[in-house]
Amino acid sequence: MSLQECDTIVSASNAILDGYTDTDVAIAIRDGLIADLGKKGDVIAKWQSKNELDLGRALLMPGLINAHTHVPMTFLRGFADDLPLMDWLTKHIFPVEAHLTNRIVALGARLGMYEMMRGGTTGFVDSYLLEANVLEEADKMGMRCVAGEAVFAFPSPAYPNWEAAADLYRAQAEKYRNHSRIKLCMMPHSVYTTSDDILRQSMELAQELDIMYHIHLSESAGEVAQSKELHQGMRPVEYAKSLGLLTNRSIFAHMVDLTDQELDWVAESGAQIVHNPVSNLKLASGIAPVADMVSKRISVAIGTDGAASNNSLDMFESMKLAAILAKGAMKDATVIPAEMAFKMATQEGARAMMKPDVGVLKIGAPADMIALDLNEPNVVPLYNEISHAVYASNAKDCILTMVEGKVLYQNGTYADGLYAETVAEMQDLVQWARSKANSL
Ligand SMILES: [Zn+2]
């Protein structure tokens, strides 16, 4: 029997596949997709490959998906810490953001993507100002990205009003229509920075363009109090419901301050929630009721939020915290077991990207995968691969990151060769950001 040709064969001692784990595994990749997988001997017997990556004692697994972030905000990492959400946002972050340039956004996006690929994240859902730069940099750097310009009721550097923002969305949706890794997502910032009309019209546009609708919602007690005051006593979720925003294309980031009734409405609508445990704790917003969400069968994905409120984009940290924070909050060690937290950080994230075939390693799926070094002391001995991925590993155990079969990071080296100059240029921005804050 003649051998079939593929582009790359990756082999490793262990793997987390589609609902099961295996040892001594090889994965054959052709045209960016997983063409075959199984025991190494069987795969090698069937496939001939141009490249072979034998990782030895390592854990192959799907890449993690950061389902809510603002990658350009790496440029404000450590800029303003130890403040509550509304003070942090209005007194420190918004004033500097008023002076943003395309170059700063592109640079922040580049740094964020280096950090994510270094830490085993292959895809991310993003919104920020001048987001066209994020889409372009993700295209160049090879990461999987679903993103959209942050929509506000006030003028932003990318548009003077909602009508112009809508035109921008239509143009970008057309530009990336057939792109396999890049997709648009409607991103109104929040109910407290938009208006009834913008919230309704942005949902109509999301339906027209057939993209997800992603918004910060019910993040803090302050947001709830403000909503009740401005919207006839309605809490944020009820207000969003009154505007028709609870749909199965809706994704609500945070959802910390909630009633049982609100969770029932979300469950009935089929909307998804993105849990951002580190950001919620750092801004003292509270602890999202993730165990209740899961018990109501709501899909929950995991995000880091931006690096200004985290301060890293480390999805291993967020995945572990999602599992253990819920246990502590419920005083029940059985809630959010490792398998569930792993699924939230992979398959549920894929749902947030409208790309359900990423998030598991299976034949026909895009080869978005990572490998963890199993020689490190923190992952010895090995009884259970998923337990190690969730509880024992950290981002720096990642030795290989691949998207659509292309290596983006391997053993300390970033494939695009621009890492050192990106870091140098980013460090030069520190003085600039300080001067903008001081000029208030
Ligand atoms: Zn956010």
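The values are calculated or read from the model by the stated rules, or taken from the named source; none is laboratory data. Computed from a prediction, not measured in an experiment: that's the story for all the values here. As a convention, Cβ positions derive from the backbone with ideal geometry for all residues, glycine included, and neighbour counts pool all protein chains shown.
Okay, here's what the table says:
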{"quantity": "Candidates Ser195, Ser202, Ser190 - the one that is touching a strand residue (DSSP E or B) at 6+ places or on another chain (Cβ under 9 Å) and touching a residue at least 40 places away in the same chain (Cβ under 8 Å)", "calculated": "Ser202"}
{"quantity": "One residue from Asn280, Asn311 being part of a helix (DSSP H, G or I), within 16 Å of the ligand (Cβ to nearest atom) and not β-branched (Val, Ile, Thr)", "calculated": "Asn280"}
{"quantity": "Tally of residues being part of a loop (DSSP other than H, G, I, E, B), closer than 21 Å to Ala284 by Cα and more than 16 Å from the ligand (Cβ to nearest atom) across region 201-240", "calculated": "1"}
{"quantity": "Yes/no for Thr346 being surrounded by fewer than 17 Cβ atoms within 10 Å (Cβ to Cβ) and modelled with pLDDT of 95 or more", "calculated": "no"}
{"quantity": "Selection from region 241-277 of residues that are of a type in the set (Gly, Ala, Ser) and within 13 Å of the ligand (Cβ to nearest atom)", "calculated": "Ala253"}
{"quantity": "Residues within region 284-300 that are more than 13 Å from the ligand (Cβ to nearest atom) and in contact (Cβ under 8 Å) with a residue 40 or more places away in the chain, tallied", "calculated": "9"}
{"quantity": "Residues of region 69-127 classified as more than 14 Å from the ligand (Cβ to nearest atom), within 23 Å of Leu400 (Cβ to Cβ) and touching a Lys or Arg at 6+ places or on another chain (Cβ under 8 Å), total", "calculated": "4"}
{"quantity": "Pairs, first closer than 11 Å to Gly123 by Cβ in region 340-364, second polar (S, T, N, Q) and assigned to a loop (DSSP other than H, G, I, E, B), C-beta under 6 Å, six or more apart", "calculated": "Gly359/Thr346"}
{"quantity": "3 or more residues buried (at least 17 other Cβ atoms within 10 Å of the Cβ) and in contact with a Gly (Cβ under 9 Å, 6 or more places away or on another chain): qualifying strands (runs of 3 or more DSSP E) within region 1-61", "calculated": "4-16, 21-30, 33-39"}
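Residues are listed down the side, and each one gets a yes or a no for (1) crowded, with 16+ Cβ neighbours inside 10 Å; (2) outside any loop (DSSP other than H, G, I, E, B):
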residue	(1), (2)
Val358	yes, no
Met402	yes, yes
Gly417	no, no
Ala420	no, yes
